[in-house]
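Each reported figure results from applying straightforward, stated rules to the coordinates on display, with no laboratory input. Bear in mind the structure is a predicted one, so any value in this text is a computation, not a measurement. No Cβ is skipped: glycine too gets one built from the backbone with ideal geometry, and neighbour counts run over all protein chains shown.
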């Protein structure tokens with residue numbers, strides 16, 4: 001079995017993402033237009049054409065994966081895998097399916113695609129994450145997102161339920177680790193500043209032209225930065241975003257063919273080195289009970305990260321950058337120790353001393369993360385994987401981390417209910 005895994009290393013050829021600042025409804029374009037654009041951009045970026053895709057498909061060695069959280073409510077459409085057939089005739093007859101795991105839908109689709117390559121006998125998987133979220137008013141859209149929790153118990157009748165859940169997480173951090181509130185709030189402001197600052201380097205980031213500095217992030221509860229959930233304000237939140245992202249994964253066999261045709265070294269093509277996947281109790285209060293006598297506030301999130309390290313035979317010392325799920329500043333703060341950057345309860349040290357800044361020892365979210373880049377829910381995990389590919393392939397341009405050989409990502413769904421981590425490197 002171990003030999004089979006080694007013979008089926010999953011390589012990443014690349015992909016594309018849409019500009020997350022766009023409003024597709026205002027452009028008069030629907031989800032099919034978004035899917036077509038991001039797939040065609042991906043093929044162009046990689047140097048593939050439909051004739052090559054068609055040859056792989058005819059041999060039964062291609063499969064399609066769509067990550068989407070809530071197409072039924074946001075744009076009245078399910079069965080999204082089938083819409084690949086509207087992109088090009090090469091996709092007619094090819095197995096295609098939608099994957100949903102709340103905000104971890106993208107990573108869940110990648111997990112399924114990776115497993116299919118390793119053990120299912122296909123040579124190529126196209127993974128497409130998509131969400132159109134600007135089709136609905138903010139409060140109604142927030143109610144849709146509430147279904148990623150236990151809706152009846154944690155979201156029904158509550159305006160903006162997820163900021164409130166992650167506001168509770170902020171309170172639990174203070175309670176468990178007894179961090180001074182002023183220091184903690186200053187750290188949350190710094191996380192916000194870093195992500196907005198990083199986003200300015202990213203030509204696809206939703207907030208790349210927005211104003212944000214540390215003083216603004218610190219100045220809370222005014223008309224421009226209203227409280228939205230407990231200790232959290234507007235600047236602590238990720239964005240409502242229209243967007244799609246694609247990555248193309250291939251087998252070891254196909255990667256060799258691809259590299260030979262293009263006179264590339266296969267050793268320079270990034271691949272998935274490790275993975276961890278856990279599911280925690282759905283209810284937030286049950287998660288807190290689980291962590292009561294443990295050093296980590298989110299022990300099953302920590303376990304997903306540890307499993308990725310174990311499968312890659314690596315640890316934080318080998319990691320050059322991190323893409324983490326900063327749906328809120330509190331979610332980023334809570335997992336800094338889980339990555340191994342600090343000890344649990346000492347997360348503030350990595351923020352205060354600049355460790356997680358763009359030029360720090362362990363830069364976090366050089367892309368801008370969900371706060372800066374945007375959070376089209378179904379596309380987020382795919383976008384994270386795409387950014388790990390760009391960094392380790394030295395293709396991130398303005399936001400390239402120097403000498404980035406290995407990166408780790410964490411994509412979570414719900415209130416850290418579904419936890420999926422991947423390590424990518426060369």
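What Kirkwood hydrodynamic radius, in Å, does the chain give when the mean of 1/r is taken over all pairs of distinct Cα atoms and then inverted? Over the chain, the inverse of the mean reciprocal pair distance is 21.3 Å. Once the Cα atoms of helix 181-199 and of the chain are each reduced to a long axis, what angle between those two axes, in degrees from 0 to 90 to the nearest 10, is obtained? Between helix and principal axis, roughly 30 degrees. The spread of Cα positions in the stretch 39-132, taken along each principal axis and listed from longest to shortest, comes to 36, 28, 25 Å. Just checking the listed ones, 255, 33, 350: in the Gaussian network model of the chain with Cα springs under 10 Å, the one fluctuating most is 33. Please find the FRET efficiency linking residue 89 to residue 292, where r is the Cβ-Cβ separation and R0 is fixed at 35 Å, and quote it to the nearest 0.05. Efficiency computed from Cβ-Cβ geometry: 0.05. Please express the Cα-Cα pair-distance distribution P(r) of the stretch 53-188 as a list of whole percents, one per 5 Å bin, running from 0 to the bin with the greatest distance. Spelled out per bin, shortest first, that is 2, 9, 14, 15, 14, 12, 10, 9, 7, 4, 3, 1, 0. Computed from Cα atoms, the angle from the helix 105-119 axis to the main principal axis of the chain rounds to 40 degrees.
Normalising the average separation of contacting C-alpha pairs (under 8 angstrom, six or more residues apart) by the number of residues puts the relative contact order of the stretch 290-385 at 27 percent. Extending 7 Å from Cα along the Cβ direction at residue 395 and again at residue 175 yields two label points whose distance is 4.6 nm.
Our estimate of slack between residue 310 and residue 266, defined as 0.36 nm per intervening residue step minus the Cα-Cα distance, is 13.4 nm.
Computing FRET efficiency as 1/(1 + (r/R0)^6) for residue 358 and residue 49, where r is the C-beta to C-beta distance and R0 is 51 Å, gives about 0.90.
Projected onto its three principal axes, the C-alpha set of the stretch 313-426 covers 34, 32, 29 Å, listed from the longest axis down. Between residue 210 and residue 76, the contour length at 0.36 nm per residue exceeds the alpha carbon distance by 45.1 nm.
Available extension along the chain between residue 285 and residue 32 is 87.1 nm, counting 0.36 nm per residue and deducting the alpha carbon span. Computed over the alpha-carbon atoms, the stretch 375-426 gives an Rg to Rh ratio of 1.02, Rh here being the Kirkwood radius from the mean inverse distance. In units of the compact-protein estimate 2.2 N^0.38 Å, the stretch 131-268 shows a Cα radius of gyration of 1.42.
Taking Cα atoms, how many degrees apart are the long axis of helix 377-392 and the longest axis of the chain, rounded to 10 and kept between 0 and 90? In the chain, helix 377-392 runs at an angle near 70 degrees to the longest axis.
For an R0 of 41 angstrom, estimate the FRET efficiency from the Cβ-Cβ distance between residue 256 and residue 138 and round to the nearest 0.05. Efficiency for this residue pair is about 0.25.
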